[in-house]
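What follows is a short report on a single structure.
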Amino acid sequence: MTEKQPMAGGRPMPEEQPMPEEQPMPEEQPMPEASKRPIHIGHLIVAIALPLAVGGVSALLTSDAMAQFGRMNQPPLSPPAWLFPVAWTILYVLMGIASYLIWSREGLDLMGKLDRRRALIVYGLQLALNFCWSLVFFGAKAYYPAFGILVAMWLLIVLLMLFARKLSRPAMYLLVPYLLWTTFAGYLNLGVALLN
């Protein structure tokens, strides 16, 4: 005789269905790393040497700049004269490294390549204004036009950092001290213009 199924409310209980086997979780695929050119020491040295050369030529053309600054009526928080060449040397090195990181970025789509080209153009423009500022401030003693140059520089640096944010985050971070120093230089420039 066959065994009867247990009854529930006069109806046979349904047979238990086997539990489905657990499917193995798919392995996570690693995120693709940003494509960069291998570090080329020669190109990096050129990138650093370019802003240093611009600053060096500007300093030669305004060789008495620090003596002039010492004779000016200066606003509060003015640093000692020796700090300026030290600070600018460090900033030029950081600036050069940032430009190399932007230039060396690879694996870009058409829009990325356009952003890289624009970033390098903006970099060149701000470097040209950087060169002109010393000639206008110390050479021509035109303090208000020099302040206008710093304002334009500040805007270009911000624009450069926006491009760098999409191309190379380290490059953007390397430009932060430059932006801060340019802001401080603008304060000093305007203070000198008002006090002299």
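The values are calculated or read from the model by the stated rules, or taken from the named source; none is laboratory data. Bear in mind the structure is a predicted one, so any value in this text is a computation, not a measurement. Because the Cβ atoms are built from the backbone with ideal geometry, glycine has one as well, and the counts that use them run over all protein chains shown.
Tabulated values for the structure
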| quantity | calculated |
| --- | --- |
| Pairs, first polar (S, T, N, Q) in region 151-174, second assigned to a helix (DSSP H, G or I), C-beta under 7 Å, six or more apart | Ser168/Leu101; Ser168/Ile102 |
| Members of region 97-137 found to be of a type in the set (Gly, Ala, Ser) and within 13 Å of Leu160 (Cα to Cα), listed by number | Ala98, Ser99, Ala119, Gly124 |
| Evaluation of Leu114 against (1) exposed (fewer than 15 other Cβ atoms within 10 Å of the Cβ); (2) touching a strand residue (DSSP E or B) at 6+ places or on another chain (Cβ under 7 Å) (one fails), failing number | (2) |
| Residues located in region 93-127, provided they are within 14 Å of Leu52 (Cα to Cα), aliphatic (A, V, I, L, M) and touching a residue at least 60 places away in the same chain (Cβ under 8 Å) | Leu94, Met95, Ile97, Ala98, Leu127 |
| Of the criteria (1) surrounded by fewer than 21 Cβ atoms within 10 Å (Cβ to Cβ); (2) in contact with a Gly (Cβ under 7 Å, 6 or more places away or on another chain); (3) modelled with pLDDT of 95 or more, which one Phe147 fails | (1) |
